[in-house]
Each structure stands twice: as C-alpha cells, then as structure tokens.
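The structure appears below as structure tokens.
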Amino acid sequence: MAASQQGILDLLSPYPPGWGGVLLSGAASTLAISGGAFLIGLALGTGGALGKLSGIRPLRLLLELYTTTIRAVPELILIVGLYYAGMDGLNRIFAMLNLPAFELNGFAVAIAVLGFVQGAYMTEVLRGAILAIPVGQIEAAKAFGMGPRLRFRRIILPALLPNALPGLANLWMSITKDSALVAVVGYQELALATRLAGASTKHYFVFFLASALLYLAITLVSNAIFKAIEHRVRRGQPKLA
C-alpha cells in the first residue's frame, strides 16, 4: 500500500519524471486564457449592453444579430473556424500582397474567440442589470446635468454591479471549463495536459482525479473572490432575509 502511494506521489511530482509540473503549467494556461477572454468579453459586453439600450436602431439590430448568432454557434466550431479558415483567408490576402505567410498563435486565438463568445453572453447579463436600475436614478442624474460618461461612472456602474455579479460569476466558471476547447488548435491547457499525462503513463484515473481537484480549487477560489467583490459592491444595501 505504501509503495502504491509512493508511486502516485512520484507520478504527481512537480519535477521530472513526474507530471505534476505539467498539470500546474496547464492550470496556469487555463487561468491565463480564461482571464484574458473574460476581460475581452467584459469590454464587449459593456459596449454591447449600452449599444442595445442606446436607441440607435441600426446599432441595436447589429448587436442583436451578434448576440443571437454567437450564442447559437458552438464555441468549438468558432475556434476551429477562426483558426483554420481565418488563417487561410489571411494567408491568401498576404499572398496577393506578396507578403510572407502568417500563422495564428493558438493562445491568441483561444483568448480572442472565447472573449468574442463571452461578449455575447455578457451583453445580455449587463443589459438586464442596467434595466434593473430604477429609472428615477438615471433621470435624477440627467436633471443634475450629468453627461453620459459621468452618469455611467457615478450612477449606472455602481447600481448595475450588484445585479450583474452573479451572472458574471457564472460566466467566469463557464469559461474556465470552455478553455479546454482550445486543445483542438494544439494549445496545451489543463485538460490537454491531463490527457497527455494519462496517455503517457496509463494512469488515467490518477491524473483525471488530480485535474478535477485543480478545477475544483479554481472554482472555490473564484467563488471566494466573487463573494468578496459582491460584499464590497453591496455595502450599504439592505441584506436579503
């Protein structure tokens, strides 16, 4: 039994020939991809939500097409399409301009595509959070002569955060799992590192269990961070019974 436990510890060692370092490196890549995509999605979602509520009909229709289409197409198809079809299209254009061939980086593609997808979901989350703000607060800000930027910074943003945080937290949890899809373009994150370790050692159960524990750790830490942020932005508000 002791020998078996020692063998498992050797497999999970962060130093070669153990695979623990590979798993930790994969977990770091997962966090980097998720963090970058989340920030891109947040920027797109903020702009999309404000655009949908702007009253400009062509812009609203364009954003409606964006959110509907992106949420309808699986992320895997978007990643593969952008990486292979996009790279082929760019190289054709470069060839016409007598420029050398260009190869997209799997890490950059993963962040860009997942961020683009997250932007569609965040648009609806933030739009709903803005609509939940009492109209009187916004009208009062207008009456005080606040411009759109000042109104957003002092009235809309502080009021929408408590409503939007639960939805944003769910999207963050989702993107940490969706990051596993970037393996199709050859970029190694936690899920692909787990499969490689299992295939090399034939100890699939050990490495998939270790991977599950790493995902669980990411989730628990993320929950604690979002709860702290929510506690901060809800300060001064009455607590729900």
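Show me 83-94, 202-213 ranked by packing, highest mean number of other Cβ atoms within 10 Å first.
Values: 83-94: 13.8, 202-213: 15.3.
Averaged packing, sorted descending, gives the order 202-213, 83-94.
Taking all protein chains as present, what is the carbon and sulfur share of the accessible area of the chain, in % to the nearest whole number, probe 1.4 Å? Don't skip to the answer; put the middle values down first.
Working: 9550 of 13890 Å².
That fraction is 69 percent.
Taking only protein heavy atoms into account and a 1.4 Å probe, give the accessible area per residue of the chain in Å². Write down the numbers at each step before the final one.
On the way: 13890 Å² over 241 residues.
Here the per-residue accessible area is 58 Å².
From the residues A112, I229, L42, which one has its Cα farthest along the dipole of the chain in the positive direction, the dipole being from +1 and -1 charges on Cβ of Lys/Arg and Asp/Glu about the Cα centre?
Comparing the listed Cα positions along the dipole, I229 ranks first.
From the protein chains alone at 1.4 Å, what is the descending order of accessible area for V185, V73, largest first?
Numbers: V185 20, V73 45 Å².
Sorted descending by solvent-accessible area, the residues read V73, V185.
Assuming a ≥ b ≥ c are the square roots of the Cα gyration tensor eigenvalues, decide whether the chain counts as rounded (a/c under 1.5), prolate (otherwise, with a/b larger than b/c) or oblate.
oblate
Rg/Rh for the stretch 61-110 to two decimals, with Rh computed the Kirkwood way over all alpha-carbon pairs. Could you put the intermediate results ahead of the total?
On the way: Rg = 13.8 Å, Rh = 12.4 Å.
Result: Rg/Rh = 1.11.
Whole angstrom only: what separates the Cα centroid of the stretch 163-241 from the Cα centroid of the stretch 38-82?
One Cα centre to the other: 23 Å.
Sort 151-158, 113-120 for me by packing, meaning the mean count of neighbouring Cβ atoms within 10 Å per residue, highest on top. Write down the numbers at each step before the final one.
Working: 151-158: 15.9, 113-120: 23.9.
In decreasing order of mean packing, 151-158, 113-120 become 113-120, 151-158.
Mind running the shape call on the stretch 74-163? Use the C-alpha gyration tensor, a ≥ b ≥ c as the square roots of the eigenvalues: rounded below 1.5 for a/c, prolate if a/b tops b/c, oblate otherwise.
Details: a/c = 4.73, a/b = 2.60, b/c = 1.82.
Here the stretch 74-163 falls in the prolate category.
Over the stretch 117-238, what lengths in whole Å, largest first, do the semi-axes of the equivalent ellipsoid take, defined as the square roots of 5 times the eigenvalues of the alpha-carbon gyration tensor?
On the way: eigenvalues 354, 50, 16 Å².
For the stretch 117-238, the semi-axes come out at 42, 16, 9 Å.
The values are calculated or read from the model by the stated rules, or taken from the named source; none is laboratory data. Remember, predicted model here, so these are calculated numbers, not experimental data. FYI the Cβ positions are ideal-geometry reconstructions off the backbone, even for glycines, and counts take in every protein chain you see. The accessibility values were calculated without ligands, DNA or RNA, using every heavy atom of the protein model including side chains. Shrake-Rupley method; radii C 1.70, N 1.55, O 1.52, S 1.80 Å.
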